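Input: a single structure, listed below in structure tokens.
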Amino acid sequence: MAYEITNIGGNCPVQAEGIIDGMPFYFRARGEHWSFSVAATPYEDPVHARGFYYQEPYAEGKQYAAGWMEESEALAFIAKAAKLYEERNV
């Protein structure tokens with residue numbers, strides 16, 4: 001699995017952008033969930049991805065918790081989602 005994070009940071013939302021297998025990806029954590037999306041082509045905006053989308057709850061019942069997650073935790077979620085993206089191609 002080959003992915004590169006080109007930008008990560010922020011609060012409310014925590015966001016990251018990068019490239020996975022030549023396709024742009026976008027990570028976003030806000031409210032009570034985080035998501036990871038990958039564009040279908042190298043030229044698409046991954047925010048409105050048609051290629052791959054994964055979302056997971058985060059600290060349910062804590063309204064703004066995801067937007068304040070630590071960068072290290074965001075990196076772990078990106079790794080998890082990247083693995084799921086790769087597995088769907090198998």
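The values are calculated or read from the model by the stated rules, or taken from the named source; none is laboratory data. Values in this document were obtained by computation on a predicted structure and should not be read as measured data. A quick note on method: Cβ atoms are made from the backbone with ideal geometry, for glycine too, and the neighbour counts reach across all protein chains shown.
Looking across the stretch 29-53, the residues that are small (G, A, S) and either under 17 Å from M69 (Cβ atoms) or surrounded by 15 or more Cβ atoms within 10 Å (Cβ to Cβ) (or both) come down to A29, G31, S35, S37, A39, A49, G51. Go through the stretch 35-88 and count every residue that is in contact (Cβ under 8 Å) with a residue 12 or more places away in the chain and either at positive phi or among the acidic types (D, E) (or both). Going through the stretch 35-88 one residue at a time, the tally reaches 8.
Listed here are the residues, each with its yes/no results for (1) under 23 Å from G22 (Cα atoms); (2) within 14 Å of the chain's Cα centre (by Cα); (3) part of a helix (DSSP H, G or I).
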| position | (1), (2), (3) |
| --- | --- |
| S37 | yes, yes, no |
| P42 | yes, no, no |
| K62 | no, no, no |
| A66 | no, yes, yes |
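Against the numbered list (1) under 14 Å from the mean Cα position of the chain (by Cα); (2) in a loop (DSSP other than H, G, I, E, B); (3) of a type in the set (A, V, I, L, M, F, W, C), F27 comes up short only at (2). Scanning the stretch 68-90 for residues that are in a loop (DSSP other than H, G, I, E, B) and among the aliphatic types (A, V, I, L, M) returns M69, V90. Annotation: C12 fulfils all but one of (1) out of contact with any Gly (no Cβ under 6 Å at 6 or more places or on another chain); (2) of a type outside the set (F, W, Y); (3) surrounded by fewer than 18 Cβ atoms within 10 Å (Cβ to Cβ); the unmet one is (1).
Restricting the stretch 54-64 to residues that are modelled with pLDDT under 95 and surrounded by 12 or more Cβ atoms within 10 Å (Cβ to Cβ), the residue that is nearest to R28 (Cα to Cα) is Y64. Residues that are closer than 20 Å to N11 by Cα, modelled with pLDDT under 95, surrounded by fewer than 12 Cβ atoms within 10 Å (Cβ to Cβ) and not hydrophobic (A, V, I, L, M, F, W, C) do not occur anywhere in the stretch 67-88.
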